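Here is the structure we will look at, set down as structure tokens.
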Amino acid sequence: MKKYSVIISGHRTSISMEPDFWRALHEIAHRQNRPFIRLIQEIDNHRTSGLSSAIRVFVLNELQKEIQQKNT
């Protein structure tokens, strides 16, 4: 577990997360041609749980979508 500092909507916040999830989030942002911090802001705007958990769920959902696309 590692802490990452980001600024979201002008406020600095820390996100505690495993480096593998952090790297996967970077990769998803890259694949979607989206700015990394903008992706975090969008996740933050739609979350119903803590930000770290919301990011993990987002990463999992994106990977599941990718697997489904490959299997169809």
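Structure notes:
- Beta carbons closer than 9 Å, at least 6 apart along the sequence or on distinct chains, pair a first residue in the range 1-18 that is free of Cβ contacts under 8 Å to residues at least 40 places away in the same chain and assigned to a strand (DSSP E or B) with a second that is surrounded by 11 or more Cβ atoms within 10 Å (Cβ to Cβ) and aromatic (Phe, Trp, Tyr) for Lys2/Trp22; Tyr4/Trp22; Val6/Phe36; Ser14/Tyr4; Ser16/Tyr4; Met17/Tyr4.
- Residue within the range 12-30 that is open to solvent by less than 40 Å² (accessible area, probe 1.4 Å) and in contact with a Pro (Cβ under 8 Å, 6 or more places away or on another chain) present: yes
- Only one of Ser49, Ser53 that is in contact with a helix residue (DSSP H, G or I) (Cβ under 9 Å, 6 or more places away or on another chain) and free of Cβ contacts under 8 Å to residues at least 12 places away in the same chain: Ser49
- Looking only at the range 40-57, and only at residues there that are more than 21 Å from Met1 (Cβ to Cβ) and not hydroxyl-bearing (Ser, Thr, Tyr), the one that is most open to solvent (accessible area, probe 1.4 Å): His46
- Number of the exception - Asn33 against (1) surrounded by fewer than 15 Cβ atoms within 10 Å (Cβ to Cβ); (2) part of a helix (DSSP H, G or I): (2)
- Yes/no for Arg23 being of a type in the set (Lys, Arg) and touching a Phe, Trp or Tyr at 6+ places or on another chain (Cβ under 8 Å): no
- Checking Lys2, Lys70 one by one, the residue that is touching a helix residue (DSSP H, G or I) at 6+ places or on another chain (Cβ under 6 Å) and loosely packed, with under 12 Cβ neighbours inside 10 Å is Lys2 and no other.
The values are calculated or read from the model by the stated rules, or taken from the named source; none is laboratory data. Predicted model, so just to flag it, every value in this text is computed and none were measured. As a convention, Cβ positions derive from the backbone with ideal geometry for all residues, glycine included, and neighbour counts pool all protein chains shown. To get the accessible areas, we keep the full protein, side chains included, count just its heavy atoms, and leave off ligands, DNA and RNA. Shrake-Rupley method; radii C 1.70, N 1.55, O 1.52, S 1.80 Å.
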